[in-house]
Amino acid sequence: MHWIDYLIVVLSILAAIGTGAWFAHKQKDTSQYFAGGGKIPAWAVGISIFATLISSVTFLAYPGAAYSGNWILLVQGLMVPVVLVTLIGVIVPLFRKVIRLSTYEYFERRFGLFARLYSSFAFTLGHFSKAGTVFFLVSMALATFLNINIYTIVLVLGISIIILTLFGGMEAIVWMDVAQGFLLIGGGIICILILIFGIEGGPAETFRIASEYSKISFGPYDWDLTQLTFLVMVLNGIFYALQKYGTDQTIVQRYLAAKSDKEAKKAAYIGVMMSVPIWALFMFIGTALFSYYHAEGAPLLPDDIKADEVFPYFIAHELPVGIRGLIIAALAAAAISSLDSDLNCLSAIAVQDYYKRFRKDATDQQQLRFGKWMVVLSGVGAIGVAALYISWGGEGILGALFSLYAIFSAGIVGIFVLGLFSRRANKQGLHIGIAAAVLYTAYAVLTSTKVDIHGTGVKETLLDLGDWNFSHHKYMLGVYSHLIVLIVGYAASYLFKTPLADKELTVWGYLEEKGNNGEKEKTT
């Protein structure tokens, strides 16, 4: 790396720290700290949603997945607009109406305390695993570029993110996300242009090689749930969309940062519509990388290089001075824009779902102080998880991330859909549904996970039931847990006589209110 590249990377990280310091004086209460006082413009909130979704996982792992295979993992992202085009109009005003800060407050109002604690705990587990993955990926790449120990990079990056989040709150996060989002897009476009025009024959040759090796494909299209197929990713994507936009604190908290329901819905649509093209952009980078290194006269890759390492290798060896620094800065920006949101939201959950429950008389200043401490503790915890990933080696990191999301999703979408669409569903029935999902998840994990139990190098299934072992693809585990909560929870609700839920907590209340407003407009 040239000193100019180092300077660009250092300045980008210092900019994040500076942004936190700039907004520090405005963080006077929990509303400002966790939701920007509800005064942030829709376009900025929308870009922040997009930047949060597009992390280092997208920047590094998507090109790695496309390089080694095809575009099948993009199917999950393609399902997001398909599922949410109509539901955003219901979800956003619902949350802005019935919760103060925590997404899981809705779960308590709909199904009681256990549903809230269960779902918030699952969110916390899932996001610690995600934070560790993001830290690992970006640190792996930066260690390659900078020739610095990977643990040192994890520590420096982690401290920078903690400072940004600790002092600047949600407002600093959103505005830093805006800058980082544009840097991410620009970095991706620059890489594409260099890749497709860097080989003899240009874009036509890029697509010819990709077509020859079937790289731009979403298959296999078999009706098979035991393998990674198009069908598996469609089902996974449907529940991913509902979980991310309907139950994920990092997204729902941004709905609260907008000025009005209309602005919040606009922000959600911006986030959705920006994310899908950028997911596709980084998948195409992987395809273009494959064509670049398989074209006639192409530079040789090291024999032992992994798919996840090809894009970092290209950045380090093929990009000119200055451009290399910008791309690496974009990579760091992708990590920061995802992780700062995680820390702020984990802190918000700790304050709203736990601290306020046990300290009912706590003042807003005490809540704010506790929240800032939780930012620090969450950041330290995420750094620790990243260290475990590094020790583990990060094999198949993108697949591991999807698997962890499947396991830690814990049927939350089932709870959300049950609460949103059924007034008959009650907390007793839901508890039975959750119990069934937990038991099924335990069975599936134990009968499909192989480990070296005896230290002999031979991996054995933790619980071998022969033909009764869970044999479907690991991504389906999350789908099944949601469906079990939904179906069993709904059916079991009929065993208990309880009043129907308040309409305002369901989609039926929204539809009734919309219909009444329509009648008033006609009368007027």
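Below is a table of values for the structure above.
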read-out	value
Ranked order, Phe311, Phe114, Phe197 - accessible area, probe 1.4 Å, largest first	Phe197, Phe114, Phe311
Karplus-derived HN-Hα couplings along the stretch 466-482 (A = 6.51, B = -1.76, C = 1.60, θ = phi - 60°), whole Hz, x at Gly and Pro	x, 5, 8, 5, 5, 10, 6, 4, 4, 5, 6, 4, x, 4, 5, 5, 5
DSSP-loop trypsin sites (Lys or Arg not before Pro) across the stretch 1-86, with at most 15 other Cβ within 10 angstrom	Lys28, Lys39
Which of Ala288, Ile88, Ile72, positive extreme of dipole for the chain (C-beta unit charges)	Ile88
For the stretch 138-145, Karplus couplings with θ = phi - 60° (6.51, -1.76, 1.60), whole Hz, Gly/Pro x	5, 5, 4, 5, 5, 5, 5, 6
Long-range HN-HN contacts of Glu460 with modeled amide H, under 5 Å	Val451, Asp452, Ile453
Three-way shape call for the stretch 188-279 based on the alpha-carbon gyration tensor, with the a/c threshold at 1.5	oblate
With 20 Å bins from 0: P(r) over the chain, alpha-carbon pairs, percent	22, 55, 22, 1
Around Leu505: net Lys/Arg minus Asp/Glu count, Cβ-Cβ under 14 Å	+3
Portion, in percent, of the accessible area of the chain that falls on carbon or sulfur, probe 1.4 Å	65
P(r) tail fraction, the stretch 84-166 - alpha-carbon pairs more than 18 Å apart, %	63
Karplus 3J(HN,Hα) series, Hz, for the stretch 187-200 with 6.51 cos²θ - 1.76 cosθ + 1.60 (x for Gly, Pro)	x, x, 5, 4, 4, 4, 4, 5, 5, 7, 9, x, 10, 5
Under 5 Å, built H, 5+ apart or other chain: amide partners of Gly322	Asp5
Helix-derived mean residue ellipticity, 222 nm - over the chain, DSSP H n ≥ 4, -39500 (n - 2.57), to 500	-25000 deg cm²/dmol
22 Å Cα-Cα threshold exceeded, pairs from Lys28/Lys360; Lys28/Lys259; Lys97/Lys259; Lys26/Lys244; Lys427/Lys474	Lys26/Lys244; Lys427/Lys474
Where Phe107, Phe23 fall by accessible area, highest first, once all protein chains stay in place (1.4 Å)	Phe23, Phe107
Dipole of the stretch 272-396, positive end: most advanced residue of Val310, Ile383, Leu331 [Cβ charges, Cα centre]	Ile383
Protection proxy ranking, peptides 376-386, 460-470, average beta carbon neighbours within 10 Å, highest first	376-386, 460-470
Ordering of 85-95, 417-427, 144-154 by packing [mean C-beta count within 10 Å, highest first]	417-427, 85-95, 144-154
For the stretch 223-382: rounded, prolate or oblate by the Cα gyration tensor [a/c cutoff 1.5]	prolate
Solvent-accessible area per residue, Å², over the chain with all protein chains present [probe radius 1.4 Å]	41
Global geometry of the stretch 44-102, whether rounded, prolate or oblate, following the gyration tensor of its Cα atoms and the 1.5 cut on a/c	prolate
Tail fraction, Cα-Cα pairs, the stretch 104-225, threshold 16 Å, whole percent	80
Sorted peptide list for 67-75, 13-21, criterion being average Cβ within 10 angstrom, highest first	67-75, 13-21
Residue-span extension gain [Lys306 to Leu113] - 0.36 nm each, minus C-alpha spacing	64.9 nm
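The values are calculated or read from the model by the stated rules, or taken from the named source; none is laboratory data. What you are looking at is a predicted structure, and each value in this text was computed from that prediction instead of being measured. Positions of Cβ are backbone-derived with ideal geometry, glycine not excepted, and every protein chain shown enters the neighbour counts. For accessibility, only protein heavy atoms count, side chains too; no ligands or nucleic acids. Shrake-Rupley method; radii C 1.70, N 1.55, O 1.52, S 1.80 Å.
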